[in-house]
1. Can you tell me how much longer the chain between residue 147 and residue 64 gets when fully stretched, taken as 0.36 nm per residue apart minus their C-alpha distance, in nm with one decimal?
2. Counting DSSP beta bridges in the chain, what percent are antiparallel, to the nearest 5?
3. ³J(HN,Hα) across segment 42-54 via Karplus (A = 6.51, B = -1.76, C = 1.60, θ = phi - 60°), whole Hz, x for Gly/Pro?
4. Taking the solvent-accessible surface of protein heavy atoms with a 1.4 Å probe, what is the per residue accessible area of the chain in Å²?
5. Nearest 20 debye, what's the magnitude of the dipole of segment 99-152 about its Cα centre given +1 on Lys and Arg Cβ and -1 on Asp and Glu Cβ?
6. Could you give the semi-axes, largest first, of the ellipsoid that matches segment 70-197, computed as the square roots of 5 times the alpha carbon gyration tensor eigenvalues and rounded to whole Å?
7. Below 23 Å, Cα to Cα, which lysines can residue 81 reach? Residues fewer than 8 away in the same chain don't count.
8. Sum up the charges of everything whose Cβ sits under 13 Å from the Cβ of residue 147, counting Lys and Arg as +1 and Asp and Glu as -1, but leave residue 147 out.
Amino acid sequence: MLTAIVDYESGNLHSAEKAFQRMAAETGAGEVTVTSDPEVIRTADRILLPGDGAFPACREALFDHRGVFEAMEEVVIKGGKPFLGICIGMQMMATRGLEYTETPGFDWIGGDVIKIEPSDPALKVPHMGWNDLVIDQPHPVFDGIETGNHAYFVHSYHMQVTDPAHLLAHVDYGGPITAIVGRDNMLGMQFHPEKSQKTGLRLIANFLNWKP
């Protein structure tokens, strides 16, 4: 079993790589590798798309790597392999991003990536730090996870899904902020599970053992 962490030069992948390798070793989920090679992506059993930064820049960086997106789409959409997007990697799953300019996303999960606008003006943007998850839909990724478990966020934009059934969990930050989305064989986490201690490691382990 192989989990491919897609490297498109968007952020430091070291912490994600180490966390996924640790949990893969603990759960017997096979090998974890960081790659920008489309052929390696095509052979993978699971795909992880992390990322940091602005939506337009990340999309440009991803599509600048010839064949990387096409390989992901082949494996995830046509092949049905499990996919996890983290932070910007989750936002890329949306129909479009509205950061700086309107930018098309993958349109894997319908919705827009919009700026966080807390109802309380004392709450700062970016939304940075620990926040309690509120589970909205049951899902195998929540095995051992419950409402009130906390995760670590750093972001100014979040995904507003078109279909409420695709919202798996949110947090409250002067209003609901999307935390986890999903449908079929795809998941997205706005927070950084690799930085979310016990809760994050459990979510990683659950993803690695998820068989949609």
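The values are calculated or read from the model by the stated rules, or taken from the named source; none is laboratory data. Computed from a predicted model, the values in this text were never measured in an experiment. Every residue, glycine as well, gets a Cβ built from its backbone with ideal geometry; the counts of neighbours run over all protein chains shown. Side chains are part of the model used for accessible areas, which takes the heavy atoms of the whole protein and leaves out ligands, DNA and RNA. Shrake-Rupley method; radii C 1.70, N 1.55, O 1.52, S 1.80 Å.
1. Numbers: separation 83, 0.36 × 83 = 29.88 nm, distance 3.91 nm.
The span from residue 147 to residue 64 would gain 26.0 nm if fully extended.
2. Numbers: 24 of 41 bridges.
Expressed as a percentage, antiparallel bridges in the chain total about 60.
3. 5, 8, 6, 8, 9, 10, 10, 10, x, x, 9, x, 7
4. Values: 9340 Å² over 212 residues.
Accessible area per residue, the chain: 44 Å².
5. Values: 2 positive and 10 negative charges, 39 e Å.
Rounded to the nearest 20 debye, it is 180 debye.
6. Working: eigenvalues 103, 68, 29 Å².
After diagonalising the Cα gyration tensor, the semi-axes are 23, 18, 12 Å.
7. Counting by Cα, and skipping residues close in sequence, residue 81 has these lysines nearby: 18, 211.
8. Working: positive: none; negative: 132, 136, 146, 172.
Value of the local net charge: -4.
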